[in-house]
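To start, the structure under review is shown below, and the notes come after it.
The values are calculated or read from the model by the stated rules, or taken from the named source; none is laboratory data. Please read these numbers as outputs of a predicted model, since none were measured by experiment. So basically every Cβ, Gly included, is an ideal-geometry build from the backbone, and we count neighbours across all protein chains shown.
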Amino acid sequence: MMDLLQIFLSESFWAASLRIATPLIFGVLGALMCERAGVLNLGIEGIFVAGAMMGWLVTYLTGSLWLGVIAAALAGAFFGLFHAILTVPLGLSQHVSGLGITMFATALMSFTYRTAFPQVSTPPRIEPFRALDIPVLSDLPFLGPVLFQQTALTWLALLMVALVWWLMDRSALGVAIKAVGDNPDAVNAQGLSVYRLRIGAVVAGSALMALGGAFLTMSAFDAFFFGMVNGRGWICIALVIFASWQPGKALLGALLFGMFDALQVRLQTMAGAIVPGQVFLMVPYVLSIIALILAARKADYPRALLQPWFKGQR
Amino acid sequence: MTKRFGPVTAADHIDLELGRGEVLALLGENGAGKTTLMNMLFGQYTADSGSVHVWDAEGREHVLPPGQPQAAIEARIGMVHQHFTLAENLSVIDNILLGTEPLLRPGRNRRAAREKLEALMAESGLVAPLDARIRELSVGERQRVEILKALYRDVRILVLDEPTAVLTPQEADGLFAAIRGMVGRGLSVIFISHKLREVLAFSDRIAVLRHGRKTGEMVTSEADADAIIRMMIGEAHDAPERTAGTPGETVLRLDTVTIRPGRDSRGLKEVQLDLRRGEIVGIAGVSGNGQSALAGVLSGLLVPDSGAIEVGGERLTALTPRLALSHGVGRIPEDRHHDGIVAAMSVAENLVIERLGSADVQRRGFLRRGAMAENAEALSAAYDVRGPGIHSRAALLSGGNIQKLILARVLETDPAVILANQPTRGLDFRASAEVSRRLIAARDRGAGVILISEDLDEILSLADRILVMHSGALVETESRDRASIGQLMAGHAA
């Protein structure tokens, strides 16, 4: 019990929670934007891979981390556009298209990696984002290590929470996006384009998702390897429901998952001799499922989610 | 203006004029062409011939380009649809402002919009809570939001499509008072309805449509209710000779069946109905008055809140589809494409889908394809179901042939009760005559038939007894006179 208390009091636990939550924050925000507009994007897992791979590759080739970030976002936008064209004007099944995008993106990235580095056995490394060192703030007790010694991408994620919140709750564009996910007829009746709004939201949301992938290769690690996304995209799809499609709650959900994961690692070292490690690996997922069950009861789905809309039909 | 859909002329050379500050009522039954006409006005449909002319505030004439909704919006024409176009997850003010604010400008100044809306609400008497979400509002409030949405866009012409269909009488009175006030300030209103009483009380002028034609137009103050009803439901023409049935014992009884009105339905008010062998009971009424609830109860899809159903010698509180079938209720659904067939399955499969357990369809869990095919060949020939063949998908059949397939499936089991809900809607003359003939033949074999129809001609030509449905209540009428049935349909007491 004392040990557990010690974990919760340690700076490193909270710092790790936020670090682990970062890719999820990007992912949940991205999924939230797509779904608010009425499009489920199951391409998220593949888009994570694309962001991880392209961000890392461009950084490796150019030496510029920020060019890598831009490349990751563009890769995400590309796959998002693909998904949007298939599901919005063409009205194909969002599930099938999304899973297809995931498989396609994952395979294409493996192919690109193998083509670019046919001979290597250990993946080439880049110089990743380093922890910020802000004078005074970084030296604060507790808050310093937890908040102000994170990397720039973590801060970008927190900034995005504020930005998406402002967009969705405080801008005319956000009102239109939410309306198009609830009742596209209402949007059409006001002379706005349902297709443009939906495609735009999916493309922007997918770019955000890709940044989550980029965080993995450019901040959490320093190289790309297969399987590194490891279901984080799927977790985001669940967390959006937990978050009731609200950016603030999305942050909360991602942090909660990050905490469970950070806790799991520490429990393993604490009690690993008694209980098999796999049990602890399970903890964040089990706790997430429980949290989801509790939250999803009153989940308030966008009414037009999954429903294709065609011009000229009522 | 004229609009054809395939062989059907939905609007046939209709002329309509609307003056400034005038309320024009557009009256007609379902399918009379009211909505088609308004959709052409709004550019939702492109007219086959004819044009829309609008005079602006300075008296200049503009011809609206056909097929462009944006042109109607720019000419400051607003429409309140019967089915609201509101985003339920957004606030009232967000819904009203949607489309009026530039999307990409970062800042947003809503003070002016709010002031304008508050002034509008004070002026019109149509009040809605601006910051509440649509989903928290009642139907009446939602409609006020729709009208405010149009007024906020400074419309000069407002079209209301059956505005009172979903309102309580009090809400309807409030709405009319508010609209009267706005008309006094120069707004022009077109008001679509099939409620005669409302139209007489509220409009300045009435235009009546029937089967896509304008059958009459008059100033309301000089209008005569009987004349309007004749225009709406047609002059009596030579009804086909109807042979009387020979009613036997009761096969179905509804005993004070009640369904509380829900969000989308009128519900049923203590419906009392006796159906005997060898008779066709016709249920007349304007659609949306509880017919679908009645059909739902009889086909086992809706559970009544109270009351009982006696069928096949048993007294039940509710039917299920399985009970309906086992108690000999044959069902011809209103939406034959959606509820009548499984479109992706073959004609042969659709013909046996209600009796998959019977011995001539399956043996020990294996379908008897050969027997099914024989059955399908025989029934297709007997009922003249034409299509690409019994093994092709039912989706490939035309509407008339789908209806014949359903008739074959229902009638072959020789049900004691037949529920025929709008059985000839959308069918051409030959197919509908065939349906009528089959229903009479079933009656003569001893079945009791409940015929729900909006087409009074059909009821008059087939039914042995006539009941009229209005606001969920069922009233029997001895009369076979169009005008008095029409009065009942419009909600007047006999």
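When the range B:117-138 is filtered for residues that are surrounded by 14 or more Cβ atoms within 10 Å (Cβ to Cβ) and either within 11 Å of chain A (Cβ to nearest Cβ) or part of a helix (DSSP H, G or I) (or both), the ones remaining, listed by number, are B:117, B:120, B:121, B:124, B:133, B:134, B:135.
Here is a yes/no grid of residues against (1) touching a residue at least 12 places away in the same chain (Cβ under 8 Å); (2) of a type in the set (Gly, Ala, Ser); (3) under 30 Å from residue B:12 (Cβ atoms):
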site	(1), (2), (3)
B:63	yes, no, yes
B:67	yes, yes, yes
B:76	yes, no, yes
B:96	yes, no, no
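Just checking, which of B:379, B:405 is outside any loop (DSSP other than H, G, I, E, B), modelled with pLDDT of 85 or more, outside the structural domain of residue B:278 (by TED's automatic domain parsing) and touching a Phe, Trp or Tyr at 6+ places or on another chain (Cβ under 8 Å)? On inspection, the qualifying residue turns out to be B:405. Residue A:29 passes every criterion in (1) closer than 19 Å to residue A:210 by Cβ; (2) surrounded by fewer than 22 Cβ atoms within 10 Å (Cβ to Cβ) apart from (2).
For the range B:275-364, which helices (runs of 4 or more DSSP H) that fit wholly inside it have 3 or more residues that are surrounded by fewer than 21 Cβ atoms within 10 Å (Cβ to Cβ)?
Details: elements: B:291-299, B:321-326, B:347-352.
In the range B:275-364, B:321-326 are the helices (runs of 4 or more DSSP H) which contain 3 or more residues that are surrounded by fewer than 21 Cβ atoms within 10 Å (Cβ to Cβ).
Suppose we filter B:208, B:219 for residues that are in contact with a Ser or Thr (Cβ under 6 Å, 6 or more places away or on another chain) and either closer than 19 Å to residue B:16 by Cα or without any contact (Cβ under 8 Å) to a residue 12 or more places away in the chain (or both); which single one remains? I'd like the intermediate steps shown before the answer.
Values: B:219 fails: in contact with a Ser or Thr (Cβ under 6 Å, 6 or more places away or on another chain).
On inspection, the qualifying residue turns out to be B:208.
So which of A:52, A:16, A:73, A:31 ends up being modelled with pLDDT under 95, assigned to a helix (DSSP H, G or I) and touching a helix residue (DSSP H, G or I) at 6+ places or on another chain (Cβ under 8 Å)? Working first, answer last.
On the way: A:52 fails: modelled with pLDDT under 95; A:73 fails: modelled with pLDDT under 95; A:31 fails: modelled with pLDDT under 95.
Within the list A:52, A:16, A:73, A:31, the selection yields A:16.
When B:183, B:159, B:189 are checked against the criterion of being modelled with pLDDT of 85 or more, under 22 Å from residue B:288 (Cα atoms) and not in a loop (DSSP other than H, G, I, E, B), a single residue qualifies: B:159.
Which fully enclosed strands (runs of 3 or more DSSP E) of the range B:1-113 have 2 or more residues being at pLDDT 85 or above and within 14 Å of chain A (Cβ to nearest Cβ)?
Result: B:77-80.
Looking only at residues in the range A:198-230 that are surrounded by fewer than 23 Cβ atoms within 10 Å (Cβ to Cβ) and of a type in the set (A, V, I, L, M), the one that is farthest from residue A:27 (Cα to Cα) is A:223.
Residue B:225 meets all of the listed conditions (1) at pLDDT below 80; (2) in contact with a Gly (Cβ under 8 Å, 6 or more places away or on another chain) but one, namely (2).
Does the range B:433-446 contain at least one residue that is outside any helix (DSSP H, G or I) and buried (at least 19 other Cβ atoms within 10 Å of the Cβ)? Give the steps one after another, and end with the answer.
Our first condition is that a residue be outside any helix (DSSP H, G or I); within the range B:433-446, this holds for B:445-446.
Pick out the ones that are also buried (at least 19 other Cβ atoms within 10 Å of the Cβ) and you get none.
No, the range B:433-446 contains no residue that is outside any helix (DSSP H, G or I) and buried (at least 19 other Cβ atoms within 10 Å of the Cβ).
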